[in-house]
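**Q** The structure under discussion is supplied below as structure tokens; questions concerning it will follow.
Read-outs: derived from the displayed coordinates by stated rules, not from any lab. All figures in this text were calculated on a predicted structure; none of them were measured in a lab. Here the Cβ positions follow ideal geometry from the backbone for every residue, glycine too, while neighbour counts run over all protein chains shown.
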Amino acid sequence: MDMKIDILIVDDHPLALFGFKEMFSRETDLNIAGTATDGKTAIEMALALKPDIVILDVIMPGMDGIETARQIRSRMPQTAILMLSCDSSENNIRRIMELDVNGFISKTAGAETMIQAVRSINAGYEYYGSDTARLIERIRCSRNIQDSVFTPRELDVVLLSCQGLQYKEIADRLGIKDQTVSTIKKNIFKKLGINNSVELVLYALRNNLISL
């Protein structure tokens with residue numbers, strides 16, 4: 001007899017929990033080992049139940065999903081974590097990727113996508129919804145470039161310059177002097193062997209630091 005995939009679902013919305021139960025109850029290989037509505041309970045249940053996968057909402061009162069995932073990961077490194085959120089912004093995705101979780105799904109995704117994500121993660125793969133796949137790749141590319149080419153401050157200047165901000169606007173955003181921005185930008189141009197902001201934008205597009 002095939003082993004079922006044991007799942008702990010963590011979401012503070014009762015209707016969401018009900019929906020997950022209905023969704024997974026139809027699948028013979030999936031088993032809801034337990035549910036929790038807050039981070040503290042989720043950690044306790046994860047330690048007690050030792051599920052294969054924790055499906056974890058990012059936004060919860062008290063201890064949010066980010067901190068909950070961090071604690072589960074540190075205590076149970078073999079347990080897979082699938083994050084859920086209505087917020088698919090770049091800032092939110094970056095926060096989630098810092099956790100070294102196994103995947104992310106938008107809460108607007110359909111049942112088939114959710115089930116596919118659970119099975120893929122259980123098989124040892126990462127899973128990110130198609131709506132965020134391009135963003136994930138861009139974040140990873142920008143990290144690689146940042147590590148190999150730019151300092152964190154230089155990358156800030158690159159991204160703000162590509163938004164069309166002028167020296168003073170960049171300085172105001174970063175809390176530094178106009179002259180400092182000028183010096184950083186000159187160093188960036190020298191590193192890349194380019195001469196102006198137009199070439200900088202083209203470089204950023206080619207290397208997936210920005211998108212149109």
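**Q** Taking the Cβ of each residue in K4, K186 as the centre, tally the other Cβ atoms inside 10 Å and list the residues starting with the fewest.
**A** So the residues, fewest neighbours to most, are K186, K4.
**Q** Pull up the cross-link candidates among the lysines for K168, meaning alpha carbon to alpha carbon under 17 Å and not fewer than 8 places away within one chain.
**A** K177, K185, K186
**Q** Moving on. To the nearest 0.05, what FRET efficiency results for T113 and L49 with a Förster distance of 25 Å applied to their C-beta separation?
**A** So the FRET efficiency works out to roughly 0.50.
**Q** Among S25, S74, which comes first, second and so on when ranked by fewest other beta-carbon atoms within 10 Å?
**A** Arranged by neighbour count, lowest to highest, S25, S74 become S74, S25.
**Q** Using only Cα atoms, find the angle between the long axis of helix 14-25 and the longest principal axis of the chain, and express it within 0 to 90 degrees, rounded to the nearest 10.
**A** 70 degrees
**Q** How large is Rg over Rh for the chain, taking Rg from the Cα atoms and Rh as the Kirkwood inverse mean of 1/r across Cα pairs?
**A** Result for the chain is an Rg/Rh of 1.09.
**Q** Give the peptides 120-126, 67-73 in descending order of average Cβ contacts within 10 Å, highest first.
**A** The packing order, highest mean first, is 67-73, 120-126.
**Q** Which whole-number percent is the relative contact order of the range 5-134 (Cα, under 8 Å, 6+ apart)?
**A** 21 percent
**Q** Which three semi-axes in whole Å describe the equivalent ellipsoid of the range 149-206, each the square root of 5 times a Cα gyration tensor eigenvalue, listed largest first?
**A** 17, 12, 10
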